[in-house]
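Chemist: The structure is given below, and queries will be raised subsequently.
The values are calculated or read from the model by the stated rules, or taken from the named source; none is laboratory data. Keep in mind the model is a prediction, meaning the values are calculated, not measured. So basically every Cβ, Gly included, is an ideal-geometry build from the backbone, and we count neighbours across all protein chains shown. Ligands, DNA and RNA are stripped out before the accessible areas are found, and what is left, the full protein with its side chains, is counted by its heavy atoms. Shrake-Rupley method; radii C 1.70, N 1.55, O 1.52, S 1.80 Å.
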Amino acid sequence: MPVTKAKREGNDRYNAKCDSILVKPLKDVGAEIRAAAAAAGQSLQGYILQAVRERMDREKTKAE
């Protein structure tokens, strides 16, 4: 099913606000991360971003 013009424009606006960070774990580590995300009921991206945010918050608290 083709994407509508409105949907494409919305996607383009959203993507313009996003950064792109490439993470390339070894395959076995990647499989572990994917399994952990699935077990938590989260998308892979959501799982990774939550983990990063939690670490950043912990380190910020330590520094203060």
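Chemist: Tell me the label only: which of (1) 20, 12, 11; (2) 29, 19, 11; (3) 24, 12, 9 is semi-axes √(5λ) of the Cα gyration tensor in Å as calculated from this structure?
Modeler: Evaluating semi-axes √(5λ) of the Cα gyration tensor in Å on these atoms matches (2).
Chemist: Ok, one more. Can you list the HN-Hα couplings for the stretch 44-59, worked out from phi with the Karplus curve (6.51, -1.76, 1.60; θ = phi - 60°), rounded to whole Hz and with x for Gly and Pro?
Modeler: Result, ordered by residue: 4, 4, x, 4, 5, 5, 5, 4, 5, 4, 4, 5, 4, 5, 4, 5 Hz.
Chemist: Related question: Working from Cα positions, state the angle (0 to 90°, nearest 10) between the long axis of helix 5-16 and the longest principal axis of the chain.
Modeler: Tilt of helix 5-16: around 30 degrees.
Chemist: State the percentage of accessible surface on the chain attributable to carbon and sulfur atoms; use a 1.4 Å probe and exclude ligands, DNA and RNA.
Modeler: Carbon-and-sulfur percentage of accessible area, whole number: 57.
Chemist: For the chain, with the dipole built from +1 on Lys and Arg beta-carbon atoms and -1 on Asp and Glu ones, taken about the Cα centre, which of GLY46, MET56, THR4 lies farthest toward the positive end?
Modeler: THR4
Chemist: Right, another one. Quick one: if the Förster radius is 30 Å, what FRET efficiency do VAL29 and GLU59 give, using the C-beta to C-beta distance and rounding to 0.05?
Modeler: With a Förster radius of 30 Å, E is 0.85.
Chemist: Sort 16-25, 2-11, 41-50 for me by packing, meaning the mean count of neighbouring Cβ atoms within 10 Å per residue, highest on top.
Modeler: Listed from highest to lowest mean packing, they are 41-50, 2-11, 16-25.
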